[in-house]
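The values are calculated or read from the model by the stated rules, or taken from the named source; none is laboratory data. Computed from a prediction, not measured in an experiment: that's the story for all the values here. Cβ atoms come from the backbone with ideal geometry, glycine included; neighbour counts cover every protein chain shown.
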Amino acid sequence: MKFAAVLKRDAPSRGGDISLIVCVCLMVVFGCVMIYSASSYVGKVQYGDSFYFVKKQVLGAVAGGALMVFFCFFPYKKLEKFRYIAIAVAVVLLALVFVPGVGVTNYGATRWIGFGGLTIQPSEIAKYAFALFAAAYFSKNAKKVRTVRGVLPVLGVGALLCVLVILEPNMSITMCLGMLMLALVFLSGANLKTFAIILVPCVLAVPALIIAEPYRLQRLSAFLDPWSSPQDEGYQLIQSLYALGGGGLFGVGLFNSAQKYRFLPFAESDFILSVMGEELGFFGLLIFFAACAFIVWRGLRIARRCADRFGYLLAAGFTLVYGIQVVVNALVVSGTIPPTGLPLPLISSGNTSLVITMASMGVLYNISRGQGSPRPVNIKSARAV
């Protein structure tokens with residue numbers, strides 16, 4: 001039995017996808033507005049400045065915008081040469097997290113590195129570095145992906161990054177990396193038998209990682225019944241549900257959230273979606289998710305129309321990083337999966353996520369322009385079972 005290529009690829013587009021860039025810019029502006037709404041009280045109380053978090057986000061937006069413009073006109077094919085450098089940088093940065101005096105610890109997790117007044121979250125960079133490496137490897141070794149042995153280099157790099165991230169500890173980014181790895185293996189043309197062999201241990205690793213750490217078991221228990229510990233592990237989820245439920249269909253109005261007054265932890269970052277639901281309501285969230293879906297659609301459309309294998313996989317990988325993170329964040333704040341720290345891309349407070357996501361959107365735009373030297377792709381390639 002044979003399956004056609006996952007995404008049917010058309011001829012390359014000659015004009016850049018400006019609608020993608022416009023949507024991304026609007027999302028960044030919207031994110032700054034929501035960060036002000038969610039953080040103005042905390043900023044005033046803790047730092048004496050209602051715009052404290054917004055100012056940091058604007059600086060990140062400026063830096064991210066500059067990188068986005070740069071990559072809009074930087075031929076994406078040249079990125080293929082930087083695949084090893086990207087992975088090396090990601091590994092070094094992740095390792096620096098564990099160096100005393102360099103790694104920054106907050107709320108029991110060491111996920112950041114600090115250089116003077118600059119703080120970086122390496123795991124955000126690792127996701128895109130892995131997508132670049134996998135796209136480059138699979139584009140150069142198309143015939144090898146039909147066997148487990150052929151995809152071992154990608155699996156090895158992915159496993160290394162996952163180990164470094166889970167040691168921080170950061171379960172959410174580890175899961176995102178795992179899902180990205182599986183998706184790229186599938187899109188690269190691996191047959192279903194090979195994919196299944198890889199999928200099974202990845203799925204079994206999830207409960208193993210949960211059992212390995214007592215705090216994860218506590219979070220799982222709180223997820224199953226948050227009201228059993230309303231002042232402890234279940235507190236954040238309960239406040240998130242209060243915010244979402246309080247918004248109703250049309251919301252309480254912009255800047256009128258009650259949960260942001262130090263009831264909901266991380267209202268400006270990981271749980272900003274809850275504040276959005278409270279202030280904008282169900283229909284407001286529908287519009288927001290429609291915008292997210294638009295970005296994912298345009299990204300996959302760019303991948304589908306790319307004439308060369310590297311550009312196709314790179315566009316699909318970068319789009320999946322964004323899409324997976326949006327979905328996981330939404331599932332967390334709605335109580336569908338256990339709570340875990342993960343920013344909402346382009347919206348949550350946090351410069352590393354914002355800058356790297358905007359830069360990736362610039363790469364997508366460049367791919368949509370059909371730049372580089374496209375290599376013909378055999379669209380009749382099949383996945384044998």
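Evaluate the following for Ala66: is it touching a residue at least 12 places away in the same chain (Cβ under 8 Å) and assigned to a helix (DSSP H, G or I)?
Working: touching a residue at least 12 places away in the same chain (Cβ under 8 Å): no; assigned to a helix (DSSP H, G or I): yes.
For Ala66, the condition - touching a residue at least 12 places away in the same chain (Cβ under 8 Å) and assigned to a helix (DSSP H, G or I) - is not met.
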Among the residues of the stretch 1-18 satisfying the criterion of being in contact with a helix residue (DSSP H, G or I) (Cβ under 7 Å, 6 or more places away or on another chain) and surrounded by 13 or more Cβ atoms within 10 Å (Cβ to Cβ), which is modelled with the highest pLDDT? Asp17
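Right, Ala212: surrounded by fewer than 17 Cβ atoms within 10 Å (Cβ to Cβ), under 23 Å from Asp270 (Cβ atoms) and free of Cβ contacts under 8 Å to residues at least 24 places away in the same chain or not? Let's see the steps before the verdict.
Details: surrounded by fewer than 17 Cβ atoms within 10 Å (Cβ to Cβ): yes; under 23 Å from Asp270 (Cβ atoms): yes; free of Cβ contacts under 8 Å to residues at least 24 places away in the same chain: yes.
When the stated conditions are applied, Ala212 passes them.
Of all residues in the stretch 218-228, which are surrounded by 18 or more Cβ atoms within 10 Å (Cβ to Cβ) and not aliphatic (A, V, I, L, M)? Outline the logic, then answer.
If we filter the stretch 218-228 for residues that are surrounded by 18 or more Cβ atoms within 10 Å (Cβ to Cβ), which is where we start, we get 219, 222-223, 226.
The answer is Arg219, Phe223, Pro226.
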Among the numbered criteria (1) under 22 Å from Ala315 (Cα atoms); (2) hydroxyl-bearing (Ser, Thr, Tyr); (3) surrounded by fewer than 23 Cβ atoms within 10 Å (Cβ to Cβ), which one does Ser123 miss? (3)
Among (1) within 24 Å of Leu331 (Cα to Cα); (2) without any contact (Cβ under 8 Å) to a residue 40 or more places away in the chain; (3) touching a strand residue (DSSP E or B) at 6+ places or on another chain (Cβ under 8 Å); (4) among the small types (Gly, Ala, Ser), Ala205 falls short only on (3)
With assigned to a helix (DSSP H, G or I) and over 23 Å from Ala303 (Cβ atoms) as the only criterion, which of Ala86, Ala95, Ala135 stands out? Ala95
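Could you check how many residues of the stretch 209-262 are of a type in the set (D, E, K, R) and within 19 Å of Gly31 (Cα to Cα)? Before the answer, list the steps.
We begin by selecting, within the stretch 209-262, every residue of a type in the set (D, E, K, R); these are 213, 216, 219, 225, 232-233, 260, 262.
Then keep just the ones that are within 19 Å of Gly31 (Cα to Cα); that gives 260.
Summing the residues that are of a type in the set (D, E, K, R) and within 19 Å of Gly31 (Cα to Cα) in the stretch 209-262 gives 1.
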Restricting attention to the stretch 319-363, the residues that are closer than 16 Å to Ala293 by Cβ and not polar (S, T, N, Q) number exactly 15
Please give the number of the condition Phe74 fails out of (1) in a helix (DSSP H, G or I); (2) surrounded by fewer than 19 Cβ atoms within 10 Å (Cβ to Cβ); (3) at pLDDT 95 or above. (1)
Of the residues in the stretch 171-211, those that are assigned to a helix (DSSP H, G or I), under 17 Å from Phe138 (Cα atoms) and more than 23 Å from the chain's Cα centre (by Cα) come to Leu192, Thr194
If we ask which residues in the stretch 240-251 are assigned to a loop (DSSP other than H, G, I, E, B) and buried (at least 18 other Cβ atoms within 10 Å of the Cβ), their number turns out to be 1
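The rows are residues; the columns are (1) modelled with pLDDT of 95 or more; (2) crowded, with 18+ Cβ neighbours inside 10 Å.
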residue: Arg216; (1), (2): no, no
residue: Pro230; (1), (2): no, no
residue: Ile238; (1), (2): no, yes
residue: Gln259; (1), (2): no, yes
residue: Arg262; (1), (2): no, no
residue: Arg298; (1), (2): yes, yes
If the Cβ limit is 7 Å and pairs must be 6+ apart or interchain, which residue in the stretch 222-246 that is among the aromatic types (Phe, Trp, Tyr) pairs with which residue that is buried (at least 20 other Cβ atoms within 10 Å of the Cβ) and assigned to a loop (DSSP other than H, G, I, E, B)? Phe223/Pro338; Phe223/Pro339; Trp227/Gly234; Tyr242/Gln259
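Would you please name the residue that is surrounded by the most Cβ atoms within 10 Å (Cβ to Cβ), looking only at residues in the stretch 160-201 that are of a type in the set (S, T, N, Q) and farther than 27 Å from Gly341 by Cβ? Explain how you work it out, then say what you get.
Let us first name the residues in the stretch 160-201 that are of a type in the set (S, T, N, Q), namely 170, 172, 174, 188, 191, 194.
Those left that are additionally farther than 27 Å from Gly341 by Cβ: 188, 191, 194.
Working: Ser188: 27, Asn191: 18, Thr194: 22.
Selected residue: Ser188.
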Picking from Leu273, Leu314, Leu286, Leu254, which residue would you name as being out of contact with any helix residue (DSSP H, G or I) (no Cβ under 9 Å at 6 or more places or on another chain), modelled with pLDDT of 95 or more and not hydroxyl-bearing (Ser, Thr, Tyr)? Leu286
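Out of all the residues in the stretch 43-56, is one or more hydrophobic (A, V, I, L, M, F, W, C), in a helix (DSSP H, G or I), surrounded by fewer than 18 Cβ atoms within 10 Å (Cβ to Cβ) and out of contact with any helix residue (DSSP H, G or I) (no Cβ under 7 Å at 6 or more places or on another chain)? Give the steps one after another, and end with the answer.
At the first step, the residues of the stretch 43-56 found to be hydrophobic (A, V, I, L, M, F, W, C) are 45, 51, 53-54.
This time we only want the ones that are in a helix (DSSP H, G or I), so: 45, 53-54.
Pick out the ones that are also surrounded by fewer than 18 Cβ atoms within 10 Å (Cβ to Cβ) and you get 45.
Right, trim to out of contact with any helix residue (DSSP H, G or I) (no Cβ under 7 Å at 6 or more places or on another chain) and you get 45.
Within the stretch 43-56 (the criterion being hydrophobic (A, V, I, L, M, F, W, C), in a helix (DSSP H, G or I), surrounded by fewer than 18 Cβ atoms within 10 Å (Cβ to Cβ) and out of contact with any helix residue (DSSP H, G or I) (no Cβ under 7 Å at 6 or more places or on another chain)), the answer is yes, since at least one residue qualifies.
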For the stretch 331-359, name all the residues that are touching a helix residue (DSSP H, G or I) at 6+ places or on another chain (Cβ under 6 Å) and either outside any loop (DSSP other than H, G, I, E, B) or farther than 25 Å from Val275 by Cα (or both). Val333, Asn351, Thr352, Ser353, Leu354, Val355, Ile356, Met358, Ala359
Residues satisfying the stated conditions in the stretch 83-124, i.e. in contact (Cβ under 8 Å) with a residue 40 or more places away in the chain and more than 21 Å from Thr340 (Cβ to Cβ): Arg83, Tyr84, Ala86, Ile87, Val89, Val91, Ala95
